[in-house]
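These notes are about the structure you will find just below.
Nothing in this text is a laboratory measurement; each read-out follows from the coordinates by a stated rule. Bear in mind that the values here come from a model prediction, so they are computed numbers and not experimental data. Cβ atoms come from the backbone with ideal geometry, glycine included; neighbour counts cover every protein chain shown.
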Amino acid sequence: MKALDYHEATKHSRARIEAEPHYLDFENMPLPFKIYSDLDRRPLPKGRSETNMPALSAVADPGAPAVGERVPSLEDLAQLLSAVGITKRRMYPGGEILYRGASCTGALYHVEVYIVCGDLEGLPAGVHQFQPSDFSLCTLRSGDHRQGLLEASGAHPAVAEAPAVLVLTSTWWRNAWKYGARMYRHAWWDSGCMLANLLALAAALDLPASVVLGYADNPVNRLLDVDPQKEGALALVPLGRGGPAPVTPAPAAEPLGLRTEPLSKYEVEYSEIPAAYAASSLGSGTQAATWRGGLQRVRRPAPTGRLFPLEPAVDGLPTDPVEAVTGRRGSTRRFARKMISFSQLSTILDRTTRGIPADFLDPPGARLCDVYLIIHAVERLPSGTYIYRPAHGALELLREGDFRQESGMLGLGQELPADASVNLYCLTDLHSVIDRFGDRGYRAAQLEGGILGGKIYLAAYALGCGATGLTFFDDDVTDFFSPDAAGKSVMFLMAVGRPGRRSNLTR
Ligand SMILES: Cc1cc2nc3c(=O)[nH]c(=O)nc-3n(C[C@H](O)[C@H](O)[C@H](O)COP(=O)(O)O)c2cc1C
């Protein structure tokens, strides 16, 4: 299924939501973990000392190329994975939810992390799965399989030098249970939020890390022994630099046939998901190598609206390290209709948009998405709609006015976007993205939105604000920001504000 067809078919609109109400069978709610029934678990070490880098610095790190050798140990991996591990438990009438360091639509936690590594201190070479339920690793394959990933990525230089590579996957049904075919978007959003946490913690650990989207899908899925009809690889994250080169030739990746715990009593197939995934798959490493990089900077017309230069805070910023912020991050369930300062908003924008180290964002600092804002309550800024102009380091006022009610409507009629101090939307011109990157560009644009969203969560919480990801009525948002946004599509929505008193609402 072509990316644009998928996107069109999964747009939220009032008419569609009324015409297709979705009934949730809670008796059939999928397990939020992938549990290999017959494999031993290797506990991950806990309790390492804190990193020294403030979260606000880590989140701003654009992943500058590292110099020198840095081979992660099992302890490093444990610390890194704690950024996406379980952070709190809450009882609800329907049972217990184990929340994690990164937000996830519906708290359904459908994204898995695997590690493909050579021999590391404390961890033998192999293909391992991170098991958040008890903070452990399961070994699926022994031996150094990095060469398989290197070939699949078309000899990506960071993969070639990485002692370990994380591979993120999504198991479609675990999120489609609630969101149906639209979940394919969530695969990128939710893994993007996890990547924001992982990249920030990698920066704090001084571990080179980047996001590689250009790889042949089938060999990667075969290596993990996953069936892309049900679970597909989303991104590679080469970690560290140096140590022994990958073993060649790569050992054969025979099917493993490992048993996993059933996810639910029955599964409903949403064929659009594997179809969109298949249509954006790359067939070979050679294709992957030509796919990535080389993004032309899009020249936007000069601003015509009033410009408000950002005023990011320089002194007196909170110094909490990333792990403290991922540990306390949550999605704000109620916003008080209170002001945040312009300095806070400026700091969030400044720190989160300095660049994402990704193979589709080359040269460094390139971006596929623009940030549009609806400002309700930011000190010294007129309420209204804005676009962030990174080249000017400023917000450009598009339309002045009080749009709280409209924000609520655009965010599916929820109170959160209406009550927030500001809503930040990532919009992209999907046609030009797909012109450049083919259908795989859809993955890239959605993922960029997700990573930016995850960074905004971290920066907002580091500054003592609240934040939440939100969903939206697609075309209504585009219309609302038009004519500036005409032809663009929404890739992500974040609301930021002052947390209010919690209500009894469940998520
Ligand atoms: C992309 C995205 C969209 C979300 N959309 C909504 C939403 O529309 N309404 C809502 O109440 N929460 C929304 N959330 C918040 C999730 O429900 C929340 O992340 C999840 O329950 C896990 O809780 P936590 O973020 O507090 O750890 C969204 C989160 C993400 C990442």
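Quick notes on this one:
- Long-range neighbours under 6 Å by Cβ, at least six apart or interchain, first residue over 14 Å from F33 (Cβ atoms) and touching a residue at least 60 places away in the same chain (Cβ under 8 Å) within region 90-115, second within 12 Å of the ligand (Cβ to nearest atom) and basic (K, R): G106/K178
- In this entry, Y442 passes the filter for residues that are part of a helix (DSSP H, G or I), of a type in the set (F, W, Y) and under 29 Å from Q287 (Cα atoms).
- Any strands (runs of 3 or more DSSP E) falling wholly within region 312-424 and containing at least 1 residues that are within 18 Å of the chain's Cα centre (by Cα) and more than 16 Å from the ligand (Cβ to nearest atom): 369-375
This table checks each residue for (1) free of Cβ contacts under 8 Å to residues at least 60 places away in the same chain; (2) of a type outside the set (V, I, T); (3) more than 29 Å from E8 (Cβ to Cβ).
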{"site": "R222", "(1), (2), (3)": "yes, yes, yes"}
{"site": "P228", "(1), (2), (3)": "yes, yes, no"}
{"site": "E231", "(1), (2), (3)": "no, yes, no"}
{"site": "P238", "(1), (2), (3)": "no, yes, yes"}
{"site": "A253", "(1), (2), (3)": "no, yes, yes"}
{"site": "L258", "(1), (2), (3)": "no, yes, yes"}
{"site": "E267", "(1), (2), (3)": "no, yes, no"}
{"site": "A275", "(1), (2), (3)": "no, yes, no"}
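- Verdict on F492 being among the aromatic types (F, W, Y), assigned to a loop (DSSP other than H, G, I, E, B) and either within 16 Å of the ligand (Cβ to nearest atom) or within 19 Å of the chain's Cα centre (by Cα) (or both): no
- Scope region 1-36; condition within 26 Å of G94 (Cβ to Cβ) and part of a helix (DSSP H, G or I); matching residues: I17, E18, F26, E27, N28
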